[in-house]
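A short worksheet on the structure shown next.
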């Protein structure tokens, strides 16, 4: 049994040895080296070993190796002949910044006198101060007028600008004086004694204080405050205050903006036209426009609405008024035509100053009421061709409450030598109307600083009552152009056209009651007023210019029986320099 076990174990280990050798041939195991790294731990004996110092070459004992080279001559053929040397001419470089002061003066026919002095001086890196003095007008009378008809306009203004990395503030003070005359008399048999003693002058003075603050990165974007004090030589007084601020913050891809407006005025007329009583107007307006806008995509949107609240106004449908604030404009790169829709309603006040700027022959007593544009909608297209030709055509629709127009006042037999009571002045009137029409604009950019712009406006007024819109043409046009050659010669042309319009004619009858004066209708032809300006630059600091204004000849101008000079020519020069204080 023991022998059997011995033979069995020997046979078993022999088989294992054969199998192991066979496996070794199939999967040989290579020889590998193991590297053991041990951190160096110096002993105390190593610290006292003397190390060899670094050796540096001795610059005194060693000399630099000399480089030897030889020139190799090459024969060439040359036809170059140098010119005689001439010294370079130094040209004075023009200033990269414009001159801070300029003076412009001119004289012309009809005793025209024009001058404009303006200066903007940098006080320091954050402040600048400006002053302006402007005067224009003519002293001669218009042809075929019985009363004197000279005109003048002057401005004295101060300006201060404060700016830094966070905000920009502009403050202005202006004193404006407008001198005119009520010279538009009817063609009638006037009493020479009355004509010779009558003073038709109307002198209006306006004082304006305005400050505007703009923050670049703030929830409150800007604040504007303005105060006006207006007066004339007929004891009229007007005070006006206005405050406006804009709040804007980001929302999604666009931004939310709120515009808040608070304004009011007090106007006192010395005497009303018909009752001859003291007339006062005290009105206030508060408005809030709230909208969301996004201009980051091809479809540019502005969607919102506004609300206004009125105080001291009687001839209005409601003290609380609503209107839309919507702009939709689709502009895709590469498209020639872009459609748009705009509905920009609102409420604005009509003050004595605003109305007198529209019609300088306004009587120093007038009705004052706000105008409410309920929709002010425009639907149209804009076209651009290679940034050279730009065209805009749009259809208009609006419902207007208290649309402002001007009606001629009757003759007052008890005029007491008052210059505006000879049926030669106007008073503002108001009417509710729907407006339909279209507008077209075209602009051609020929080259740098060369362009032509033309605009046409045609309106149809749908009036419910039997009243007539006096002095309101259906067709209006204006144009502007500029051409520049060689940076020296500049030509500009601009003008306006008023189409046919109806005016109120009030026949003069002796002993007539002023409240029962008749009104008849008269048609005025179209009227054109245009101005051409030619400037020639002699040097960078000195220019000469000539300017001409021409109008349509006739008995009437823009307003009935107020003709304008058919031709005004004026010539002068402008000198620019840097003023140092």
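The values are calculated or read from the model by the stated rules, or taken from the named source; none is laboratory data. Being a predicted model, the structure only gives us computed values, none of them experimental. Cβ sites come from the backbone with ideal geometry, for glycine too, and all protein chains shown count toward neighbours.
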(request) Take residue 428 and decide whether it is touching a helix residue (DSSP H, G or I) at 6+ places or on another chain (Cβ under 7 Å), part of a loop (DSSP other than H, G, I, E, B) and at negative phi. (result) no
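Test residue 412 against the stated conditions and say whether it is touching a helix residue (DSSP H, G or I) at 6+ places or on another chain (Cβ under 9 Å) and surrounded by fewer than 16 Cβ atoms within 10 Å (Cβ to Cβ). I'd like the intermediate steps shown before the answer.
Details: touching a helix residue (DSSP H, G or I) at 6+ places or on another chain (Cβ under 9 Å): yes; surrounded by fewer than 16 Cβ atoms within 10 Å (Cβ to Cβ): no.
So residue 412 fails the test.
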(message) Considering only region 153-165, I want to know if a residue exists there that is under 30 Å from residue 422 (Cα atoms) and in contact with a strand residue (DSSP E or B) (Cβ under 8 Å, 6 or more places away or on another chain).
(response) yes
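Could we say that residue 287 is within 17 Å of residue 404 (Cα to Cα) and buried (at least 18 other Cβ atoms within 10 Å of the Cβ) here?
Details: within 17 Å of residue 404 (Cα to Cα): no; buried (at least 18 other Cβ atoms within 10 Å of the Cβ): yes.
It is false that residue 287 is within 17 Å of residue 404 (Cα to Cα) and buried (at least 18 other Cβ atoms within 10 Å of the Cβ).
Residue-wise test of (1) in a strand (DSSP E or B); (2) out of contact with any strand residue (DSSP E or B) (no Cβ under 6 Å at 6 or more places or on another chain).
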{"residue": "460", "(1), (2)": "yes, no"}
{"residue": "473", "(1), (2)": "no, no"}
{"residue": "478", "(1), (2)": "yes, no"}
{"residue": "487", "(1), (2)": "no, yes"}
{"residue": "494", "(1), (2)": "yes, no"}
(message) Pairs needed: first member in region 500-516, on the phi < 0 side of the Ramachandran plot and loosely packed, with under 12 Cβ neighbours inside 10 Å; second member anywhere, modelled with pLDDT of 90 or more and in a loop (DSSP other than H, G, I, E, B); C-beta distance under 8 Å; at least 6 residues apart or different chains.
(response) 515/274
(request) Residues being assigned to a strand (DSSP E or B) and surrounded by 17 or more Cβ atoms within 10 Å (Cβ to Cβ): count how many of those fall in region 259-274. (result) 7
(message) I'm told residue 555 meets every condition in (1) touching a residue at least 40 places away in the same chain (Cβ under 8 Å); (2) buried (at least 17 other Cβ atoms within 10 Å of the Cβ); (3) not in a strand (DSSP E or B) except one. Can you identify the failing condition by its number?
(response) (2)
(message) Can you confirm whether residue 255 is closer than 30 Å to residue 292 by Cα and not in a strand (DSSP E or B)?
(response) no
(request) Specify which of the listed residues (199, 277, 217) is within 22 Å of the chain's Cα centre (by Cα), assigned to a loop (DSSP other than H, G, I, E, B) and exposed (fewer than 15 other Cβ atoms within 10 Å of the Cβ). (result) 217
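Is region 177-189 home to any residue that is farther than 30 Å from residue 560 by Cβ, surrounded by 14 or more Cβ atoms within 10 Å (Cβ to Cβ) and under 27 Å from the mean Cα position of the chain (by Cα)? Explain how you work it out, then say what you get.
Narrowing region 177-189 to residues farther than 30 Å from residue 560 by Cβ: none.
The answer is no; no qualifying residue exists.
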(message) Please pick out the residue among 247, 328 that is under 25 Å from residue 217 (Cβ atoms), within 25 Å of the chain's Cα centre (by Cα) and in a strand (DSSP E or B).
(response) 247
(request) Might you check whether a residue that is surrounded by fewer than 16 Cβ atoms within 10 Å (Cβ to Cβ), in contact (Cβ under 8 Å) with a residue 60 or more places away in the chain and in a strand (DSSP E or B) occurs anywhere in region 119-131? (result) yes
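For region 510-534, how many residues meet the condition of being under 21 Å from residue 412 (Cα atoms), in a loop (DSSP other than H, G, I, E, B) and in contact with a strand residue (DSSP E or B) (Cβ under 8 Å, 6 or more places away or on another chain)?
Taking region 510-534 and keeping what is under 21 Å from residue 412 (Cα atoms), we get 510-522.
Going one step further and asking which of them are in a loop (DSSP other than H, G, I, E, B), we end up with 510-513, 517-519.
Going one step further and asking which of them are in contact with a strand residue (DSSP E or B) (Cβ under 8 Å, 6 or more places away or on another chain), we end up with 512, 517, 519.
Number of matching residues: 3.
So for region 366-377 (the condition being in contact with a helix residue (DSSP H, G or I) (Cβ under 8 Å, 6 or more places away or on another chain), assigned to a loop (DSSP other than H, G, I, E, B), modelled with pLDDT of 95 or more and surrounded by 18 or more Cβ atoms within 10 Å (Cβ to Cβ)), does at least one residue qualify? Break it down into steps so the answer makes sense when it comes.
Step one: filter region 366-377 for residues in contact with a helix residue (DSSP H, G or I) (Cβ under 8 Å, 6 or more places away or on another chain), giving 366, 368.
Cutting the leftovers down to assigned to a loop (DSSP other than H, G, I, E, B) gives us 366, 368.
From the residues that got through so far, the ones that are modelled with pLDDT of 95 or more too are 368.
Those left that are additionally surrounded by 18 or more Cβ atoms within 10 Å (Cβ to Cβ): 368.
Scanning region 366-377, I find at least one residue that is in contact with a helix residue (DSSP H, G or I) (Cβ under 8 Å, 6 or more places away or on another chain), assigned to a loop (DSSP other than H, G, I, E, B), modelled with pLDDT of 95 or more and surrounded by 18 or more Cβ atoms within 10 Å (Cβ to Cβ), so the answer is yes.
Mind telling me which of the residues 434, 464, 445, 417 ends up being surrounded by fewer than 15 Cβ atoms within 10 Å (Cβ to Cβ), farther than 30 Å from residue 193 by Cβ and either touching a strand residue (DSSP E or B) at 6+ places or on another chain (Cβ under 8 Å) or at pLDDT below 95 (or both)? Please lay out each step first, then the result.
Working: 434 fails: surrounded by fewer than 15 Cβ atoms within 10 Å (Cβ to Cβ); 445 fails: surrounded by fewer than 15 Cβ atoms within 10 Å (Cβ to Cβ); 417 fails: farther than 30 Å from residue 193 by Cβ.
Only one candidate passes the filter, namely 464.
Okay, residues lined up against (1) on the phi > 0 side of the Ramachandran plot; (2) free of Cβ contacts under 8 Å to residues at least 12 places away in the same chain; (3) not in a strand (DSSP E or B):
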| residue | (1), (2), (3) |
| --- | --- |
| 384 | no, no, no |
| 387 | yes, no, yes |
| 398 | no, no, no |
| 413 | no, no, yes |
| 436 | no, no, no |
| 442 | no, no, no |
| 454 | no, no, no |
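Can we say residue 209 is surrounded by fewer than 17 Cβ atoms within 10 Å (Cβ to Cβ) and in a helix (DSSP H, G or I)?
Details: surrounded by fewer than 17 Cβ atoms within 10 Å (Cβ to Cβ): yes; in a helix (DSSP H, G or I): no.
No; evaluated as a whole, the condition is false for this residue.
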(message) Condition first: assigned to a strand (DSSP E or B) and out of contact with any helix residue (DSSP H, G or I) (no Cβ under 9 Å at 6 or more places or on another chain). Now tell me which residues in region 220-237 satisfy that.
(response) 220, 221, 222, 223, 224, 225, 226, 227, 229, 231, 237
